[in-house]
Every structure is written in C-alpha cells, then in structure tokens.
Amino acid sequence: MKKVAIVFNGGTISMKVDPRVQAAVPSLSGEEIVAMVTGIENYAYIESYNFSNVPSPFVTPNDMMKLSKYVKDLLDREDIDGVVVTHGTDSLEETAYLLDLTIQNDKPVVVTGAMRSSSELGYDGPANLSAATCTAISEEARGKGVLVCMNGELNSASEVTKANSMSLSAFKSPGFGPLGIVDNNQVIFYRDNLTRHHIDTNIVEAKVSLIKCVSGMDSRFIDFCIDQGDKGIIIEGMGRGNIPPKMVDGIKRALNKGIIVVLVSRCFEGRVLDTYGYNGGGKELRNLGVIFGDNLPGQKARIKLMLALGMTSNKEEIKEIFEKGLYNI
Ligand code: ASP
C-alpha cells in the first residue's frame, strides 16, 4: 500500500466553534481530523505532520516558502508516494501557487481544506481529505504539478482561485474549468495544464505590493509604494489591461526607479493585452516597460513576482518568467 504524508496547517478544516467567542477557531490536530476520515486506512498508510495551526489570513509568503521546503523534504523520502497539504481556503490559492512554482517533483502534491468547520452541519473536511489522499496515491496525478482538491474537483494550482466565499464548490479555474475529478475514490483527468512554470529560488522578495484600479484613481498608492522602497508592484487594471490616466505618471516614476511593474486584469476571466492606444491604455503601458501577467489574478501575480525577484533583479529575466510563450518575446 502507498504512503501519503498529510501536512496540516490549520484553516477551517481544523476549526470548531469556541463557545466563548461563538465563532470558529483552529482547534483540531491532524490526528483528530484523520480519525474522521473513516476507511482511509484501506487506501493508504497515512503519516500526519502538524506544520502549523493558523487561519490562512495569518499565513505569510515566508511561511509558504518554509512549507515548500518542508514538502520538498517529504517528497525526497523514498517511502513517501505523495503529499497532501491542508490549508485555510482564504489564502489557499497563494500557498498552492507558491508550492507549484517552487517544487519540481513528479510525486503528487495535493492541497485541500474545508468550507465548513467541524461544528457545522455538512462539514466537508473529511470528504475533501479522503479525495485529496486518493489523488496523492494516483498514478495519473503524477507530473501534474500541485493540485487543489475541493468538492470532488481537481484544479491546477496555477489556474485556480477562490471564487465563492461560502459554497462547497468555491474553487474555480476561470475560463478553463477543472483538470479532473475524484469520483467514487477514482481520480480521472480530462485535460492537462500546458502553461506551468518553475521558478528556481528559495527566496521570496517581501516588498511587492498589489494595487487594484478603480474609476477616478490617481497615483497616490503607487507613490506610497515607491516611498516604501517596494521592488515590485502588481497593477490590477481594468478590462484588457487599462488604467485611469492619472495613474500613468506614478507608473512612470516607479519604472524610472527600477521598480518592476506587472499588469493583470481585475476581470475574473481573460488575459491582458496591448489592445488600447489611449492614455492609460495597455499599449502605452507596454511601451513604457510594464510587464504583462496574462490571466493571473492580482494575488497570484504578486506571489509570482515575489519569487521572480527572489531569483533575479534582471528585468529581462523577470519579463521572460511572466511572458515567455504567452506574448511575443
Ligand atoms: N478563514 C478560513 C481560513 O482561511 C477559511 C477556511 O479555512 O476555509 O483559514
């Protein structure tokens, strides 16, 4: 029988309602959660590791990098066939994406969590954990990169985002849909993800900020980032990748200081492109030297830029990391 390491990190999957605060807080250990996954011993040997026990808004990019090293060490063990990571769902996509970008190993790594705590009716933790474990022992899941397994669906960590604050099927891959499913403990893939990347670093550059564009916005937030000494700024622009004209001077000031500026869209689906030629349009931004971030949501583009800047400060190399195979470079 195959062996799976489950690395527990808190989140709703490990929470129950504390009667004093009348709200959910982390309290279950990994062993207590595994004990609720009845029958899992017929599928795999489980080894539980309690890496952390926090709500996922507490998790920092540095914690994610430490987790990546921890998972890599487990994957390097010959007796381990796959790793499951549990995580709070709020920042799950950021951790899963960082793991995906930094881990190069064909053994399955599957991230899961729960949308309902163990105090709620319909606690989905055990079902998600059993489906994630079935994925971790599946031959088909090898070489697919980090997978996110929630509600019987398998999404690529590089594509998935939390799209609903409460639904059990909260995790979606905008535009593409899941790679596969877990049905009756069987893992079935319907497609692959051909645009995955690896960034060879164990350093995260902390000074990267995310600015979401709204109507009438000016350059004040950009100037604040410049004053704070940021090394990178993600601009979540409008539509195809356009920003209000009063932000352009701020972008110019940031670029002149050598700050890397990456443009993505605040739209839920679709890529940014230099389609528009007006003041603040994608064409002007591209000509100024802004890097395009394809279809990434801002929070994931930030993780990617933190790693890219961890690896190099060379702008051309960073541009390649974001644009190679996606834009004409
Ligand atoms: N707020 C919780 C967290 O991210 C939600 C969850 O775990 O699903 O830790």
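Tabulated results
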| read-out | value |
| --- | --- |
| Counted charge near ASP63, where neighbours are those whose Cβ lies closer than 13 Å (Asp, Glu -1; Lys, Arg +1) | +1 |
| Distance from the stretch 277-312 to the stretch 127-185 (C-alpha centre basis), Å | 27 Å |
| Diffusion constant of the stretch 96-218 at 37 °C, which comes from Stokes-Einstein with the Kirkwood Cα-pair radius and 0.692 mPa s, µm²/s | 209 µm²/s |
| Estimated Rh, the stretch 168-320: Kirkwood, alpha-carbon pairs, angstrom | 16.5 Å |
| Over the stretch 94-249, relative contact order from alpha-carbon pairs under 8 Å, at least 6 apart, % | 19 percent |
| Relative contact order [Cα under 8 Å, 6+ residues apart], the stretch 1-148, whole percent | 31 percent |
| GNM result for the chain, Cα springs below 10 Å: residue of SER265, SER173, SER119 fluctuating most strongly | SER119 |
| Calculated [θ] (222 nm, deg cm²/dmol) that DSSP helices of n ≥ 4 give over the chain, each run adding -39,500 (n - 2.57) | -8500 deg cm²/dmol |
| Trypsin sites (Lys or Arg not before Pro) restricted to DSSP loop in the stretch 1-62 with at most 14 other C-beta within 10 Å | ARG20 |
| Local electrostatic count, ASP227, Cβ distance below 14 Å [Lys/Arg +1, Asp/Glu -1] | +3 |
| Calculated FRET value between VAL54 and ILE329, using beta carbons and R₀ = 30 Å, to 0.05 | 0.15 |
| Prolate/oblate/rounded call for the stretch 77-130, Cα gyration tensor, a/c under 1.5 rounded | oblate |
| Packing-based ranking, highest mean first, of 179-188, 298-307 given that Cβ atoms within 10 Å are counted | 298-307, 179-188 |
| Charge dipole of the chain about the Cα centre (unit charges at C-beta), most positive-ward option of LEU28, ILE251, PHE268 | ILE251 |
| FRET efficiency estimate (nearest 0.05) - Cβ-Cβ, PHE224 to ARG77, R0 41 angstrom | 0.35 |
| Nearest-ten-degree value, helix 125-136 long axis tilted from longest Cα axis of the chain | 80 degrees |
| Dipole magnitude of the chain about its Cα centre (Cβ charges: Lys, Arg +1; Asp, Glu -1), debye to nearest 20 | 1020 debye |
| Proportion of all alpha-carbon pairs of the stretch 146-226 beyond 22 Å (%) | 50 percent |
| Cβ-defined net charge surrounding GLU31, 14 Å radius [Lys, Arg +1; Asp, Glu -1] | -3 |
| Three-way shape label, the stretch 1-118, alpha-carbon gyration tensor, a/c 1.5 | oblate |
| DSSP bridge orientation in the stretch 84-242 - percent antiparallel, rounded to nearest 5 | 55 percent |
| Convex hull volume per residue in cubic angstrom - Cα atoms of the chain | 133 Å³ |
| Within the stretch 1-17, backbone nitrogen closer than 19 Å to the virtual label 7 Å beyond the Cα of LEU121 toward Cβ | 16-17 |
| Distance histogram for the stretch 219-297 (every C-alpha pair counted, 5 angstrom bins, percent rounded to whole numbers) | 3, 19, 30, 25, 17, 5, 1 |
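None of the figures in this text is laboratory data; all of them are computed from the coordinates on show. In this text, all values refer to a predicted model and were calculated from it rather than measured experimentally. Methodologically, a virtual Cβ is constructed for each residue, glycine included, from the backbone with ideal geometry; neighbour enumeration extends over all protein chains shown.
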